[in-house]
Amino acid sequence: MTQLPQDFVALEAQITEQYPTLSRRLQQTARFLLDHPQEVAFATVAKLAEQAGVTPSTLIRFANSFGFKGFSDMQKLFRARLVDELPNYSERIHAVRTATGETPSGTQLLWEFAEANREMLEQLPGRIDPRLLEAALDIFEHAEAIHVMGARRSFVVASYANYALNHIDKPSHLVSGLGGMHMEQIKAIGPRDALLVVSFSPYAQETRDIAELARERNVPVVAITDSSLSPLARIADITLVVQEAEVKSFRGLTATLCLTQSMAIALGMRKDSAADASGGRPSKPTTGRATDKDAPASG
């Protein structure tokens, strides 16, 4: 049985290899798909079928022949390719408009992003293994300090995680790489600390380098990423996989931020419970106002 392609390069190789064995219609489909990957990334099945000179069912049959459940599953590989090759938002916007011939309104886009993110948020709790989540919290609870790393798009999540952890009085340090000093900052990680890394495809190299260095030093690593095949999954002690919403090749961060916030609050709950159990909660400060007991008796 042919292995399901995991990226566009693998799909292209399989199509090329199996091309001689395909029917005439599927060969026609293959030529169109590989010659027009930008259009394939965003256009509807009906529009692509019209452009390729085949029926919509032929496109679906083509995707099925390579192991995909439907055409949209195969289309994701074309879209991921374009996202990786066009990191510039302006170029990506132009590519979407060229492929679809549409210029959606701001309200239309708001509805599309809101709906896509809502669906991913609803699926998030069921996709996170509760054992892995609690194991990650165990690591953070016992760490003297947590160092957080996320580059480029993931920096938003890392920055928030650092903010939230400090607000629950958990020592946290953002590996920001300011001045190109990623490696200098990572040297501050102590043997009893932990590292949280956040990275999504195409996976920032500096994040991978720091995770590998921490692992070499036996520092526990927790990764938030988008696939069990992520290079971070091979490095981290705990990997939490989050699927984000995607609209017209633009991926969100809503689900990842929700997970990060939940983890920070859960860790704060653990700290609060531990303080109660040990009797170590500080007493409330007095206001300096006289109580009835202290007040002089009226005459």
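The values are calculated or read from the model by the stated rules, or taken from the named source; none is laboratory data. Please read these numbers as outputs of a predicted model, since none were measured by experiment. Cβ sites come from the backbone with ideal geometry, for glycine too, and all protein chains shown count toward neighbours.
For this structure, a couple of remarks:
- Total residues in the stretch 33-46, condition part of a helix (DSSP H, G or I) and touching a residue at least 24 places away in the same chain (Cβ under 8 Å): 8
- Condition check for ARG192: more than 25 Å from CYS258 (Cβ to Cβ), modelled with pLDDT of 85 or more and in a helix (DSSP H, G or I): no
- Given (1) surrounded by 15 or more Cβ atoms within 10 Å (Cβ to Cβ); (2) of a type outside the set (Asp, Glu); (3) within 30 Å of GLN6 (Cα to Cα), number of the condition SER176 does not satisfy: (3)
- Residue list for the stretch 223-273, restricted to those being of a type in the set (S, T, N, Q), without any contact (Cβ under 8 Å) to a residue 40 or more places away in the chain and part of a loop (DSSP other than H, G, I, E, B): SER227, SER228, SER230
- The set of residues in the stretch 136-189 being part of a helix (DSSP H, G or I), under 17 Å from ALA211 (Cβ atoms), in contact with a strand residue (DSSP E or B) (Cβ under 7 Å, 6 or more places away or on another chain) and not β-branched (Val, Ile, Thr) consists of ALA136, PHE140, SER154, ALA158, ALA161, ASN162.
- Residue check for LEU82: crowded, with 19+ Cβ neighbours inside 10 Å, modelled with pLDDT of 90 or more, within 31 Å of the chain's Cα centre (by Cα) and not assigned by TED's automatic domain parsing to the domain that holds PHE250: no
Yes/no matrix, rows are residues, columns are (1) surrounded by 17 or more Cβ atoms within 10 Å (Cβ to Cβ); (2) farther than 23 Å from GLU122 by Cα; (3) over 13 Å from the mean Cα position of the chain (by Cα); (4) assigned by TED's automatic domain parsing to the domain that holds TYR203:
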| position | (1), (2), (3), (4) |
| --- | --- |
| PRO220 | yes, yes, yes, yes |
| SER227 | no, no, no, yes |
| ARG234 | no, yes, yes, yes |
| ILE238 | yes, no, yes, yes |
| VAL242 | yes, no, no, yes |
| ALA245 | yes, no, no, yes |
| SER262 | no, no, yes, yes |
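- Residues that are part of a loop (DSSP other than H, G, I, E, B) and in contact with an Asp or Glu (Cβ under 9 Å, 6 or more places away or on another chain) do not occur anywhere in the stretch 204-218.
- Subset of the stretch 13-32 (residues that are among the basic types (Lys, Arg) and either buried (at least 17 other Cβ atoms within 10 Å of the Cβ) or without any contact (Cβ under 8 Å) to a residue 24 or more places away in the chain (or both)): ARG24, ARG31
- Scan of the stretch 116-153 for residues that are without any contact (Cβ under 8 Å) to a residue 60 or more places away in the chain and under 13 Å from the mean Cα position of the chain (by Cα), ordered by number: GLY150, ALA151, ARG152
- Qualifying residues in the stretch 250-270 (those that are under 18 Å from VAL156 (Cβ atoms) and small (Gly, Ala, Ser)) - the one modelled with the lowest pLDDT: GLY252
- Test result for PHE62, of a type in the set (Phe, Trp, Tyr), under 23 Å from PRO104 (Cβ atoms), in a helix (DSSP H, G or I) and in contact (Cβ under 8 Å) with a residue 12 or more places away in the chain: no
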